[in-house]
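The values are calculated or read from the model by the stated rules, or taken from the named source; none is laboratory data. These numbers were taken from a predicted model, which means no experiment stands behind them. Counting neighbours? That spans all protein chains shown, and the Cβs are built from the backbone with ideal geometry, glycine included.
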């Protein structure tokens with residue numbers, strides 16, 4: 001089995017106390033579907049505002065991978081903006097895959113239980129990842145290549161999270177990831193902006209699809 005659970009955290013539009021999710025095709029509440037208190041402190045559900053600033057919000061993709069060795073599992077999270085809440089704030093659709101410790105995420109995770117704008121957004125995400133049509137999706141591909149190559153590293157992030165309390169040990173900008181312990185400095189690039197982010201690094205031209213990304 002390549003994954004233990006597939007959980008879609010739905011946009012928190014009503015700002016209720018608990019968030020709605022779809023776990024393995026069935027509706028549930030976040031606190032029931034996932035033991036939130038056991039999530040690693042590095043894992044972010046959604047996208048911090050600092051990542052969105054100055055970018056086309058609806059095109060941003062933020063992926064993370066955390067090896068949670070104490071629980072004999074890994075967590076892959078992928079978030080993108082998906083509309084607004086009743087107060088006009090950006091809300092997010094997040095995919096969380098619970099994996100074996102060194103597992104890689106599903107190329108085509110189940111969309112069962114999704115509908116409406118959430119289904120449309122999920123299909124769009126998977127299409128972007130499959131064809132690597134933009135810098136955000138290529139960064140995720142590079143991150144997953146690093147996951148497969150660096151078994152000694154526990155935390156990975158596909159782009160920068162400025163001022164993160166618990167920064168990832170690996171990001172695209174870091175040429176020499178530091179195993180275990182905090183590291184400083186992250187990298188990111190914008191989507192379809194027509195210009196390069198000052199922190200951008202060349203994308204890995206030799207990378208090929210461990211998750212079916214950028215293949216061909």
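Taken together, 81, 48 contain a single residue that is surrounded by 20 or more Cβ atoms within 10 Å (Cβ to Cβ) and closer than 21 Å to residue 136 by Cα, which is 81. Against the conditions (1) modelled with pLDDT of 95 or more; (2) touching a helix residue (DSSP H, G or I) at 6+ places or on another chain (Cβ under 9 Å); (3) not in a strand (DSSP E or B), residue 118 satisfies every one except (2). From the list 104, 129, the lone residue that is in contact (Cβ under 8 Å) with a residue 24 or more places away in the chain and surrounded by 22 or more Cβ atoms within 10 Å (Cβ to Cβ) is 129. Number of residues in the range 46-61 that are within 21 Å of residue 147 (Cβ to Cβ) and assigned to a helix (DSSP H, G or I): the value is 1.
Filtering the range 145-162 to residues that are within 13 Å of residue 67 (Cβ to Cβ), part of a helix (DSSP H, G or I) and in contact (Cβ under 8 Å) with a residue 60 or more places away in the chain leaves 147, 148. Entry remark, the range 1-45: residues being in contact with a strand residue (DSSP E or B) (Cβ under 9 Å, 6 or more places away or on another chain) and within 21 Å of residue 106 (Cβ to Cβ) number 24 in total. If you go through the range 24-57 and keep only what is in contact (Cβ under 8 Å) with a residue 60 or more places away in the chain and under 26 Å from residue 101 (Cβ atoms), you end up with 24, 25, 26, 34, 40, 41, 42, 44.
Filter the range 1-45 down to residues that are part of a loop (DSSP other than H, G, I, E, B) and exposed (fewer than 12 other Cβ atoms within 10 Å of the Cβ) and give me whichever is modelled with the lowest pLDDT. Before the answer, list the steps.
At the first step, the residues of the range 1-45 found to be part of a loop (DSSP other than H, G, I, E, B) are 1-4, 10-19, 24-25, 34-35, 39-45.
Now drop any that are not exposed (fewer than 12 other Cβ atoms within 10 Å of the Cβ), which leaves 1-2, 14-17, 35, 41.
Numbers: 1: 45, 2: 56, 14: 80, 15: 72, 16: 72, 17: 73, 35: 89, 41: 93.
So the residue we want is 1.
Taking the range 78-102 as the range and being modelled with pLDDT of 90 or more and within 14 Å of residue 154 (Cα to Cα) as the test, the residues that pass are 99, 100.
Taken over the range 79-103, the criterion of being part of a loop (DSSP other than H, G, I, E, B), touching a strand residue (DSSP E or B) at 6+ places or on another chain (Cβ under 8 Å) and farther than 17 Å from residue 20 by Cα is satisfied by 100, 101, 102, 103.
Taken together, 90, 94 contain a single residue that is touching a helix residue (DSSP H, G or I) at 6+ places or on another chain (Cβ under 9 Å) and within 29 Å of residue 27 (Cβ to Cβ), which is 90. Residues of the range 143-154 that are touching a strand residue (DSSP E or B) at 6+ places or on another chain (Cβ under 9 Å) and over 21 Å from residue 52 (Cβ atoms): 144, 146, 147, 150, 151, 153, 154. In the set (1) surrounded by fewer than 19 Cβ atoms within 10 Å (Cβ to Cβ); (2) in a strand (DSSP E or B); (3) on the phi < 0 side of the Ramachandran plot, the condition left unmet by residue 64 is number (1).
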